[in-house]
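Asks: Have a look at this one.
Nothing in this text is a laboratory measurement; each read-out follows from the coordinates by a stated rule. For clarity, every value in this text was computed on a predicted model and none was experimentally measured. Please note: Cβ atoms are built from the backbone with ideal geometry, for glycine as well, and neighbour counts cover all protein chains shown.
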Amino acid sequence: MLFNSFEFLVFFPIVTLVYFALPHRFRLIFLLLASYYFYMCWRPEYIVLILASTLVDYFAGLGMSRTDERKKRRKFLLMSLFANLGLLFTFKYFNFFADSLSHLFAAVRVDVHMPALDVLLPVGISFYTFQTLSYTIDVYRGETQPEKNPLRFALYVAFFPQLVAGPIERSTRLLKQFYRKVSFSEQRLRSGLMLILWGLFKKVVIADRLAIYVNEAYNHPGDYQGWPLILATYFFAFQIYCDFSGYSDIAIGSARILGFDLMENFRQPYFAKSISEFWKRWHISLSTWFRDYLYIPLGGNRVVKWRWYYNLMVVFLVSGLWHGANWTFVVWGALHGFYLIFSIWTQTARAKIRAWIGLARRPRLQGLWQTVVTFHLVLVAWVFFRANSLSDAMLILHNMSQIDFSWRGLMDINIELGWGELMLVMLFIVVMELVHLLQSSGKWVSFSVRTSQPLRLAVFYGLLLCIVFFGVYNHTEFIYFQF
Amino acid sequence: MIKLARQTAVYGLLVVVLYGLVGWMFFHIRVGDQSVLDLATRNPVETGGFGFTLPRIREAETWGEVDILFLGSSHTYRSFDPRIFAEYGYRSFNLGTTGQTPINSYYVLKRYFPKLRPRLVILDIYRNLYDRDGLESFYDLSKNAPFSWEMVAMALALRTPHALNAALDNFFLTQTGRLERAQQQPFEDEVYVPGGYVETHKVYTKSPNPKPRRIELQEFQLDYLRRIIDYVYARGSRIVLVSQPEPLEILRAVVNYDEIAATFAALAEEKGVRYFDFNFKLPVQTHVHFSDADHLNPAGVRLYNTALIDTLQKHHLLPTPTNGKSSASY
């Protein structure tokens, strides 16, 4: 079930009404059943995977709590890792690795036939396996107590607002909230609804309209040169941001109405002044997951320099692979890893240059320059992320450089979207970025709660009407569902 | 809780009022040659444009009772010539419109059945339309047919704000009289024949080379096909399902053709109606009987319509002609 579907429009109010009408003791089981129904609307049989992951991690947690022996506790942890990563490998990576091995063998002229699995990638598998893995690792480390109530634990794994595309919640945050007795709050309803509308605005008004342009350019890269490909890449940067952060907003808003607080997943990432700052602002729940469960266990930055670089590169390669079983994602991750290593390596030199040209004395200008450079580095990496193959990505980069500077060349950018639509979508991007500016300056905080009612209603209706009139509704899935 | 319910009702009402007001504004503001409403909804259809829906719908309002009504997509309005049926004494009307899927046919039928009162409905089954959502046809109808409650019902059934916006546009088009004043644009090589048929004087000369594709029939469209059959039966008329012949190259590219044909045959059996698939049965030739890769030209139409009438006669499915063979006015 998509958040931007008619089904969700019916499903969510019903769930909310029934949830608050029920006595507290029945609410957990009701939310769990609603979450399973939500997931099964996509492909009912794949609920088995969630159930398997839930059972394995529930018993792994219980098992660890019954012994103090490190060796035995480790066995339970390994069981959880093996089960979850095994699921992930089978459904997401098996065919990719089999295919890559076939190519490798073919390159050395060895004829090996690798089997292929005829399976569909289960929606959200990367999200819920990572979420439940964080629980067993935390229990193993003694950072959280194992959950004894199987219903509560099952709901932690399958809580529908964040089940299929995050935010990837930690047990230390979300699981604890399932102990609270939640009462209906009008204030939560207001702010939750506003967030849902804001998320829908980003998704259906901006992302889905940009997708029309981006898909045309990126699916036929040989047909275009210069401006259309450049514009498509800028558009993709906003498309993926609006798509994914829009989803997160709807998830956070829905959970908020039901009385739960999900973590912030995006913090105006394109205002970042460096790549490391970008990763503190982009898909925060995943970045912190990798930081806590991969980067720090590898040694983080408390090691010799080459090892630090190695740790960074490993984390970004794995992060790339997490996003998709394709070499384009691996290269995307590697590029980000390279950016970070390069920025650390050149830190002193860059500071000297900034001082020499006088940029350091103008902090605002320096900040702007750093934001622009960071955004464009991210943009280059997005080319690999969005391209259908590595060869397409190279072709796009090459064709991008064939710029026609004539007036005719500039006027030739309206592919799939007419001038009116191009202007419209750019206007909406500007509006969004203005809101982001307000947010980053702190003026937006609790807008929905503190501001006067007429203004709040005006924003509410403005967003709603924008969604109804300017939304694009062609049943496009959220980009991050494929991960 | 009561206070909240009251607030929700008030806010809901306000949404409806604002929706109408803003829609009215967007209907009047133009960006280039489009209204903001069309631009936002991505509605590319023009009143009186491609497909001749405007004169067809105008005629349907006043055509009167018929023996046979044809329903379906461009396969319909380019494949059933009422003049040929008139030669056999049948008064007929072709109510095919661009991209008309079963969900659209159902509401078109509900709107025009009481006016045309056909004794036989011939519904063209074009499998490609069964994996579509029906919005394309709705856009076409909303730009060319006057506002009606069936239009609103169809918009709601399509379950997308695009359809609601198009229905709102349709309401304003009708109320402002723009629809009434609109004229059909001419198209080269195409002639609108009274009775709904569009005659195309072209012969297809290219070689179709479509990529192999699998068509997934949407359950909701099959469900609307069932509803159409029930609707016609409930009013004491007959319905027959047919598929017009297509170029062999096109048919061979549909990898699950047999599976699809079997689904339609099973559905017809389930509902007790006859389904005649003329594909692979008529001696049609791509470069003789077609005007493009999809549609028959007048030579193909004559071949097909004659074969269809023969088949229907053989199975005693044709009603007794109202006007008698010699005096039929189509």
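Asks: For A:Ala272, what charge total do you get from the other residues with a beta carbon under 12 Å from its beta carbon, if Lys and Arg give +1 and Asp and Glu give -1?
Replies: On the way: positive: A:Arg267, A:Lys273, A:Lys280, A:Arg281; negative: A:Glu277.
Neighbourhood net charge equals +3.
Asks: Return the long-range amide H neighbours of B:Arg91 (sequence gap of 5 or more, or a different chain), with a cut-off of under 5 Å between placed amide H atoms.
Replies: Sorted by chain and number, the residues that satisfy this are B:Asp67, B:Ile68, B:Thr322, B:Asn323.
Asks: A follow-up question, please. In terms of the ratio Rg/(2.2 N^0.38 Å) built on C-alpha atoms, what value belongs to the range A:335-435? If you can, show how the numbers build up before the last one.
Replies: Details: Rg = 18.1 Å, N = 101, 2.2 N^0.38 = 12.7 Å.
Output field value: 1.42.
Asks: Report the label-to-label distance for A:Cys41 and B:Gln313 in nanometres (one decimal), using points 7 Å from each Cα along the Cα→Cβ vector.
Replies: 5.4
Asks: Specify which residue in the list A:Ile50, A:Phe184, A:Ile14 is farthest towards the positive end of the charge dipole of the range A:6-184, using unit charges on the beta carbon of Lys, Arg (+1) and Asp, Glu (-1), about the Cα centre.
Replies: A:Phe184
Asks: Quick one: which residues, 5+ away or cross-chain, put their amide H under 5 Å from the amide H of B:Ser243? H built at 1.01 Å from N.
Replies: Distant-sequence amide H within range of B:Ser243: B:Ile125, B:Phe276, B:Asp277, B:Phe278.
Asks: With a ≥ b ≥ c taken as the square roots of the eigenvalues of the C-alpha gyration tensor of the range A:178-309, please select rounded if a/c is under 1.5 and otherwise prolate if a/b is larger than b/c or oblate if it is not? It would help to have the intermediate numbers written out before the result.
Replies: Numbers: a/c = 3.02, a/b = 1.11, b/c = 2.73.
Cα axes put the range A:178-309 in the oblate bin.
Asks: Using Cα pairs closer than 8 Å and at least 6 residues apart in sequence, work out the relative contact order for the range A:6-184, in percent.
Replies: Here the relative contact order equals 30 percent.
Asks: Net charge around A:Asn311, counting only other residues with Cβ within less than 13 Å of its Cβ (Lys, Arg = +1; Asp, Glu = -1)? Let's see the in-between values first.
Replies: Values: positive: A:Arg291, A:Arg302, A:Lys305, A:Arg307; negative: none.
Once all neighbours under 13 Å are counted, the net charge is +4.
Asks: About its Cα centre, what dipole magnitude does chain A give when the only charges are +1 on Lys and Arg Cβ and -1 on Asp and Glu Cβ, stated in debye to the nearest 20? Please report the intermediate quantities before stating the final value.
Replies: Values: 45 positive and 29 negative charges, 508 e Å.
Taking the Cα centre of chain A as origin, the dipole is about 2440 debye.
Asks: Answer with one residue from A:His220, B:Val191, A:Leu193: the one whose Cα lies farthest towards the positive end of the charge dipole of the protein assembly as shown, charges on Cβ with Lys, Arg +1 and Asp, Glu -1.
Replies: The Cα lying farthest towards the positive end belongs to A:Leu193.
Asks: Below 8 Å, C-alpha to C-alpha, sequence gap of six or more: please give me the relative contact order for the range A:333-455 in percent. Let's see the in-between values first.
Replies: On the way: 22 pairs, mean separation 14.1, N = 123.
It comes to 11 percent, rounded to a whole number.
Asks: Of A:Val425, A:Val330, A:Ile344, which is farthest along the charge dipole of chain A in the positive direction, counting Lys and Arg as +1 and Asp and Glu as -1 at C-beta?
Replies: Of the listed residues, the answer is A:Ile344.
Asks: Kindly give Rg over Rh for the protein assembly as shown, based on alpha-carbon atoms, with the Kirkwood expression for the hydrodynamic radius. Kindly include the intermediate steps, with their values, before the conclusion.
Replies: Working: Rg = 30.6 Å, Rh = 30.3 Å.
Reported Rg/Rh (Cα atoms, Kirkwood Rh): 1.01.
Asks: Charges only on Cβ, +1 for Lys and Arg, -1 for Asp and Glu: so what's the dipole of the protein assembly as shown about the Cα centre, in debye to the nearest 20?
Replies: The dipole of the protein assembly as shown has a size of about 3760 debye.
Asks: Can you check what the Kirkwood hydrodynamic radius comes to for chain A, Cα pairs only, in Å to one decimal? Each step should come with its number before you reach the end.
Replies: Details: mean 1/r = 0.0411 Å⁻¹.
When all Cα pairs of chain A are included, the Kirkwood radius is 24.3 Å.
Asks: Sort A:Arg188, B:Arg274, B:Arg178 so that the residue with the fewest other Cβ atoms within 10 Å of its own Cβ comes first and the one with the most comes last. Don't skip to the answer; put the middle values down first.
Replies: Working: A:Arg188 20, B:Arg274 15, B:Arg178 12.
Ranking A:Arg188, B:Arg274, B:Arg178 by Cβ neighbours within 10 Å, fewest first, gives B:Arg178, B:Arg274, A:Arg188.
Asks: Neighbouring Cβ atoms within 10 Å as the yardstick, rank A:Trp419, A:Trp289, A:Trp308 fewest first.
Replies: Working: A:Trp419 13, A:Trp289 24, A:Trp308 18.
So the ranking, lowest neighbour count to highest, is A:Trp419, A:Trp308, A:Trp289.
Asks: Treat the count of other C-beta atoms within 10 Å as a stand-in for reagent exposure and order A:Cys41, A:Cys466 from fewest to most.
Replies: On the way: A:Cys41 14, A:Cys466 20.
Ranking A:Cys41, A:Cys466 by Cβ neighbours within 10 Å, fewest first, gives A:Cys41, A:Cys466.
Asks: Using C-alpha positions alone, give me the convex hull volume of the range B:42-314 per residue in cubic angstrom. Walk me through the numbers before you get to the answer.
Replies: Numbers: hull volume 34.1 nm³, N = 273.
Considering the Cα atoms of the range B:42-314, their hull volume per residue is 125 Å³.
Asks: Taking 4 °C and 1.567 mPa s as the conditions, I'd like the Stokes-Einstein D for the range A:96-166 in µm²/s, using the Kirkwood hydrodynamic radius from alpha carbon pairs.
Replies: On the way: Rh = 15.4 Å.
Roughly 84 µm²/s, to the nearest whole number.
Asks: Per DSSP helix of 4 or more residues, -39500 (n - 2.57); summed, then divided by the residues of chain A. What does that give at 222 nm, rounded to the nearest 500? It would help to have the intermediate numbers written out before the result.
Replies: Numbers: 23 runs with 325 residues, N = 483.
That calculation yields -21500 deg cm²/dmol at 222 nm.
Asks: What is chain B's relative contact order, in percent, from Cα pairs under 8 angstrom and six or more apart in sequence? Before the final figure, lay out the partial values.
Replies: Details: 573 pairs, mean separation 78.2, N = 330.
In percent, rounded to a whole number, it is 24.
Asks: Taking loop as defined by DSSP and a crowding limit of 16 other beta carbons within 10 Å, which chymotrypsin sites (Phe, Trp or Tyr not before Pro) in the range A:107-207 fit?
Replies: Values: sites: A:Phe127, A:Tyr128, A:Phe130, A:Tyr135, A:Tyr140, A:Phe153, A:Tyr156, A:Phe159, A:Phe178, A:Tyr179, A:Phe184, A:Trp198, A:Phe201; in loops: A:Phe159, A:Phe178, A:Tyr179, A:Phe184.
Filter output for the range A:107-207: A:Tyr179, A:Phe184.
Asks: Assuming R0 = 25 Å, can you tell me the calculated FRET efficiency for the pair B:Gln285 and B:Arg132, based on Cβ-Cβ distance, to the nearest 0.05?
Replies: On the way: r = 29 Å, r/R0 = 1.14.
For R0 = 25 Å, the calculated efficiency reads 0.30.
Asks: Continuing with this model, one more query. Amide H to amide H, which residues 5 or more places from B:Phe290 or on other chains are under 5 Å from it, using H placed in the peptide plane?
Replies: Those lying under 5 Å, H to H, from B:Phe290 are B:Tyr204, B:Asn297.
Asks: Of the listed pairs A:Lys75/A:Lys148; B:Lys143/B:Lys206; A:Lys92/A:Lys176; A:Lys92/A:Lys305, which have alpha-carbon separations greater than 23 Å here? Don't skip to the answer; put the middle values down first.
Replies: Working: A:Lys75/A:Lys148 19 Å; B:Lys143/B:Lys206 32 Å; A:Lys92/A:Lys176 31 Å; A:Lys92/A:Lys305 34 Å.
Check vs 23 Å cut-off fails for B:Lys143/B:Lys206; A:Lys92/A:Lys176; A:Lys92/A:Lys305.
Asks: Here is a further query. Using θ = phi - 60° and the Karplus curve 6.51 cos²θ - 1.76 cosθ + 1.60, what whole-Hz ³J(HN,Hα) does each residue of the range A:28-43 get, with Gly and Pro shown as x?
Replies: 4, 5, 5, 5, 5, 5, 4, 5, 5, 4, 3, 6, 6, 4, 7, 8
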